[in-house]
Amino acid sequence: MWRSHQSRLDVDGVLSSGQGFAVDLGAGALQKMATRKQLLSQAYRLNTCMLQDVEVIGQVDVKFIACLLRTEAPPGGSSADRLLVLFDQHAVHERIRLEQFIADFQTDIATGRAQAHVLPSPVKFCLKADDVRLLIDCRGHFEKMGVCYRVEGSCVSVTSVPAILREAPASDHGTQNAVKGNVVEELTRELLHLLRAAHGCCGSTLPSTLSRLLASKACHGAIRFGDALRSEECERLLAQLSGCRLPFQCAHCRPSVVPLFHTSQIRDCARVPSSRPKLHKLKPRSGRYARS
């Protein structure tokens, strides 16, 4: 459920705070105030089905993609009414890339073995005796994940990690960097923890270390603010987003879309006649505020 981040109008407080003059508000002005208050307090419920019937308007400020989503008709609305939203173009592409990385990795594991990246030099660290035994007993599971190692006493030398942990290629994000040693150790220890929690069974849980690194990789290669997009590129991004499991949040779990208003509310505002301030209806109060 998404709500407007603007503050709600306190109409009663506004009307009761005047000290120097009494304001005579007509029915039209009160109706306009009520409509504005409804716009600011309106709640919207978004679901993935809305992305199956989305109308892309285009790019806004080289940062956002404006779209119309079909929703359930609100009271007084019609089925032709839509919800106007803005998608963060960086967050949209980031989410698409993340879910593609995860899907590719899980497919590799399900069909055999994930691609491994051989480290330039082994990463060495020590483990407790119980962890060492678990490493030896579950070597096949680690190798299936792309993690290969040698065990010498209590010392472990990791020689390869999942290839997907490598930084994006030069054409995608500058330079290509090696996987850091502390990341290799953290991933190995977390896999041990998951195996121990599952009593040695090979579950489908993606380690948080791997999820975090994949999110960072998805972010680094994603479309940025300031990148101009053609109409067909915007439509292609939204079409890809419709196939994501979590389309309304970026790779870092922040919202990727902001609802603006329902098109039925435009008619409500249009029905209220616009008028200039009726200054002649301002009446001086008697007493201390009266003119001398």
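Bear in mind that the values in this text are calculations on the coordinates, not laboratory data. None of the values given here were measured: they were computed from a predicted structure. Here Cβ is always computed from backbone atoms with ideal geometry, including for glycine, and neighbour counts include all displayed protein chains.
What length, rounded to one decimal in nm, is gained on full extension from Asp104 through to Asn182, with 0.36 nm per residue of separation minus their alpha-carbon distance?
Full-extension gain reported as 25.6 nm.
Could you calculate the contour length gain from Lys128 to Arg224, that is, 0.36 nm times the residue separation minus the distance between their Cα atoms, to one decimal place in nm?
30.1 nm
Quick check: pseudo-label points 7 Å beyond the Cα along Cα→Cβ at Ser211 and Val151, how many nm apart are they?
Computed distance between label sites Ser211 and Val151 equals 2.8 nm.
Add +1 for every Lys or Arg and -1 for every Asp or Glu among the other residues with Cβ under 14 Å from the Cβ of Cys234, and state the total.
Here the count lands on -4.
Pop a pseudo-label 7 angstrom from the Cα along the beta-carbon direction at both Arg245 and Thr111 and give the gap in nm to one decimal.
1.9 nm
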